[in-house]
1. Which of the residues that make up segment 266-278 are modelled with pLDDT of 95 or more and either part of a loop (DSSP other than H, G, I, E, B) or closer than 23 Å to V330 by Cβ (or both)?
2. Hey, any hits in segment 319-333 for a residue that's within 30 Å of N105 (Cα to Cα), modelled with pLDDT of 90 or more, hydroxyl-bearing (S, T, Y) and not in a helix (DSSP H, G or I)?
3. Among what's in segment 301-312 and is in a loop (DSSP other than H, G, I, E, B) and modelled with pLDDT of 95 or more, pick the residue that is surrounded by the fewest Cβ atoms within 10 Å (Cβ to Cβ).
4. Kindly provide the set of residues from segment 225-251 that are assigned to a loop (DSSP other than H, G, I, E, B) and either under 15 Å from the mean Cα position of the chain (by Cα) or at negative phi (or both), ordered by number.
5. What is the one condition in (1) at pLDDT 95 or above; (2) in the same structural domain as L275 (by TED's automatic domain parsing); (3) closer than 29 Å to G290 by Cβ that R263 does not satisfy?
6. Could you figure out which of (1) surrounded by 19 or more Cβ atoms within 10 Å (Cβ to Cβ); (2) more than 22 Å from the chain's Cα centre (by Cα) isn't true of E340?
7. Go over the candidates L276, L255, L244, L236 one by one and state the one that is closer than 19 Å to E309 by Cα and touching a Gly at 6+ places or on another chain (Cβ under 8 Å).
Amino acid sequence: MQMSYAIRCAFYQLLLAALMLVAMLQLLYLSLLSGLHGQEEQEQYLEFFPPSPRSVDQVKAQLRAALASGGVLDTSGDYRVYRGLLKTTMDPDDVILATHASVDNLLHLSGLLERWEGPLSVSVFAATKEEAQLATVLTYALSSHCPDIRARVAMHLVCPSRYEAAVPDPREPGEFALLRSCQQVFDKLARVAQPGVNYALGTNVSYPNNLLRNLAREGANYALVIDVDMVPSEGLWRGLREMLDQSKQWAGTALVVPAFEIRRARRMPTNKNELLKLYQVGEVRPFYYGLCTPCQAPTNYSRWVNLPEGTLLRPAYVVPWQDPWEPFYVAGGKVPTFDERFRQYGFNRISQACELHVAGFDFEVLNEGFLIHKGFKEALKFHPQKEAENQHNRILYRQFKQELKAKYPDSTVIAESFPALV
């Protein structure tokens, strides 16, 4: 009888200990989740940025699975979206460089990898079935031969909805079958690419810039969204990380990175001193200087170039948003998405900056970091339909601003910025 009582006591003690262990594990789990802004954000984050590095075989398996899914249609039904052909690991408080490219412009990814030390997310647009196949083969080759891409790059694919991208067969001979290094992949890409004038796809398919931008920055708390033929200053990612880690006061603030363009892209400036020397002799100028000066003028370049030299990346001055300013920036929190109705040329970034302003974001220009576009932007480098597309999107932009009035009825800036809407 005493033995039976002792056994029962031991059993209950064991059960109690097990229950306490389960409770402690649940508390630990909940405390870890609480730092990621809720269950929904946690799930979205893990979907795009898995928690551990993967082998080449795991990366290839992910690519095959993403392609085999058949993708999903975007809200318009015009495009097929393949999320996560490649995925990357990332700290939830990291800053991701989000960009987009046609297949021909993917060769610029090499330069971004050299300058940006953090994670990147790239949305690739394939206008034809042949380009979609080339994009999948290229992604397969990059994941096979480029450890840096496996570790740091998320890649997504968009193509017209009537096409489906196929899983590449590594046994099939082709453009990339005999390559054995990352440099060989990029060299081959440079040879097979056929760069043309801006937005000239050679098809009747529109380039969905804002769909691509939204896809690239999806799941990230902080993102710097740029064009693929731009290059960040050296150390920009590190400076942003240190600044954001030290203070969480930047919620509701768009941290503006001044953008420039360089006449010749043979040697890109790495820091502000190098940039200023080229700026003084006319080899570097403000971005879009020859096409749309008001689109970047509020950045106040004359003030920026005359700032005292700093050692730490910090906001230098506040700039009130003015139409049609379209700055490049880093922002966290509930950042409005890009309106995907804007395609091809005109107002696709201005519209999103406008909504940031109406939503109550402040704009603060950083003191040291910058972006630089490869080559001067000139009107002759654009396709013949540019002006017609610009006019179409100008009308859409007027409608968009009317919609903002209804979307943000309590906004205090609409009357001041857009008196015609009141």
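1. Within segment 266-278, P269, T270, N271, K272, N273, E274, L275, L276 meet the criteria.
2. Yes - at least one qualifying residue is present in segment 319-333.
3. So in segment 301-312, the residues in a loop (DSSP other than H, G, I, E, B) come out as 306-312.
Right, trim to modelled with pLDDT of 95 or more and you get 306-307.
Details: N306: 9, L307: 13.
Only one residue tops the list, namely N306.
4. Passing the criteria: I226, D227, V228, D229, S233, E234, S247, K248, Q249, W250, A251.
5. All conditions pass for R263, except number (1).
6. Status for E340: all satisfied but (2).
7. Going through L276, L255, L244, L236 in turn, just one is closer than 19 Å to E309 by Cα and touching a Gly at 6+ places or on another chain (Cβ under 8 Å): L236.
The values are calculated or read from the model by the stated rules, or taken from the named source; none is laboratory data. Keep in mind the model is a prediction, meaning the values are calculated, not measured. No Cβ is skipped: glycine too gets one built from the backbone with ideal geometry, and neighbour counts run over all protein chains shown.
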